[in-house]
Amino acid sequence: MTATGDDKVYGHGPEEAAAPERKKPWPEKQKGPVLLRRDQVGTSTTDQRLLDTTGPTDWLHTDPWRVWRITSEFVEGFGALAELPAAVSVFGSARTPVDSPEYAAGVAIGRALVEAGYAVITGGGPGAMEAANRGASDAGGLSVGLGIELPFEQGLNEFVDLGLNFRYFFVRKTMFVKYAQGFVVLPGGLGTLDELFEALTLVQTKKVTRFPVILFGSSYWGGLVEWLKNTLVAEGKASPHDLELFHITDEVDEVLKILEESRRPRGTEL
């Protein structure tokens, strides 16, 4: 093939001919670095699709979009809680009556934790959670509530100073563990048991730096502890050392003593 300097004349050997006019019989579109042809060429622009309020909303319920929602919950949680002082997560039943001894214990624990220099983190709901938030608020401390979207529970209780609501349990659980120096577990139901055993498993498997898990109320938790000892450990499903992963007490002062003995510097990596 030969060509003139201006590339307008082509040929083979001594024969030369003008370059034929080439027409593309297919649609073509450049989309950033991507070349689209034929059926791949759309009729709308990226901005148009972004600003279109009449388009389909199925994308809101797809797994890729959920990934971004999950990421945003982590970002919001980390951003809101990163500057917390040393804190303790307090768990317990949302069904604990206000006039019960367990509610009074929650208030006393929340107050004592603040007086010892801790912020108090709860699930932000009613019952035992409200009690701990109330004690913290009454003592002038930082009262944190990490709520969860549920069909049968109301929003954050009135004693929460700093509150977040989560869609996903696993994001919420991460916040409970990451920003706590320890767990205090008041009598509770399935949700409380879930949080308790999640914490024990993380400590047992060394997925987190060890921190104290304190069961408050020996009459309530005693049966569970006996089952762990006489069934779980006795049948070889757990190690006898696993019974050392938690403490059980009825005294607020002992809660503070256990926490102080295992207190770790703020910022220790989990």
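Worth a mention:
- Across segment 112-245, the relative contact order, built from alpha-carbon pairs under 8 Å that are at least six residues apart, equals 16 percent.
- Within the accessible area of segment 146-270 (1.4 Å probe), percent carbon and sulfur: 53
- Top positive-direction residue, dipole computed over segment 131-214 with Cβ charges, set PHE211, ASN133, VAL184: PHE211
- Added length on full extension, which subtracts the Cα-Cα distance from 0.36 nm per residue, THR201 to HIS241: 13.1 nm
- Calculated on the alpha-carbon coordinates, the convex hull of segment 137-270 measures out at 139 cubic angstrom per residue.
- Ordering of 92-103, 217-228, 249-260, 170-181 by burial proxy (mean other Cβ atoms within 10 Å per residue, highest first): 170-181, 92-103, 249-260, 217-228
- Segment 145-270, dipole about Cα centre (Lys/Arg Cβ +1, Asp/Glu Cβ -1), debye to the nearest 20: 620
The values are calculated or read from the model by the stated rules, or taken from the named source; none is laboratory data. Model, not experiment: these values are computed from the prediction. Every residue, glycine among them, receives a Cβ derived from its backbone with ideal geometry; neighbour counts consider all protein chains shown. Just the protein is used for accessible areas: all its heavy atoms, side chains included, with ligands, DNA and RNA removed. Shrake-Rupley method; radii C 1.70, N 1.55, O 1.52, S 1.80 Å.
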